[in-house]
Amino acid sequence: MIENKSNVKDRQGTDVKIVRLSDFILSLDQPVTMIKMDIEGAEYRVIADLLESPAMDLIGKVWAEPHEDRIPGLAEDRARIEARIAELGYGEKFSFDWH
């Protein structure tokens, strides 16, 4: 979770085991048609990892829900990630307009 998200407090959380999405996708050993990503502001961290992984070749489309209106500094993260997506030629695979 993003620490400075206005509606998230420590006391509301639960510890859970995590698995990197890129590792999970690679473990499937088959294509993933779509990913709908709404992880409360951590989307750009996960996408940054995906972009540098061979898992991207297995993903058809990623829809991510933006949280820039609720998390300070996230607009800069989005700009950086969108630039990297363009640089790698993955523009058709990503949509950030899911609300």
In the stretch 56-74, which residues are over 14 Å from the mean Cα position of the chain (by Cα) and assigned to a helix (DSSP H, G or I)?
D57, L58
Which numbered condition trips up R45, out of (1) charged (D, E, K, R); (2) closer than 20 Å to Q30 by Cβ; (3) part of a helix (DSSP H, G or I)?
(2)
Can you pull out every residue in the stretch 33-42 that is surrounded by fewer than 19 Cβ atoms within 10 Å (Cβ to Cβ), not β-branched (V, I, T) and not in a strand (DSSP E or B)?
D38, E40, A42
Filter the stretch 53-80 down to the residues that are under 18 Å from F24 (Cβ atoms) and among the charged types (D, E, K, R), then identify the one that is surrounded by the fewest Cβ atoms within 10 Å (Cβ to Cβ).
D57
Against the definition (surrounded by 15 or more Cβ atoms within 10 Å (Cβ to Cβ) and on the phi > 0 side of the Ramachandran plot), how does G89 come out, yes or no?
no
Before we move on, is D57 more than 20 Å from G91 (Cβ to Cβ) and either modelled with pLDDT of 90 or more or not β-branched (V, I, T) (or both)?
no
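The values are calculated or read from the model by the stated rules, or taken from the named source; none is laboratory data. Keep in mind that this is a model prediction, so the values were computed, not measured. In this analysis, Cβ positions are derived from the backbone assuming ideal geometry, glycine residues included, and neighbour counts consider all displayed protein chains.
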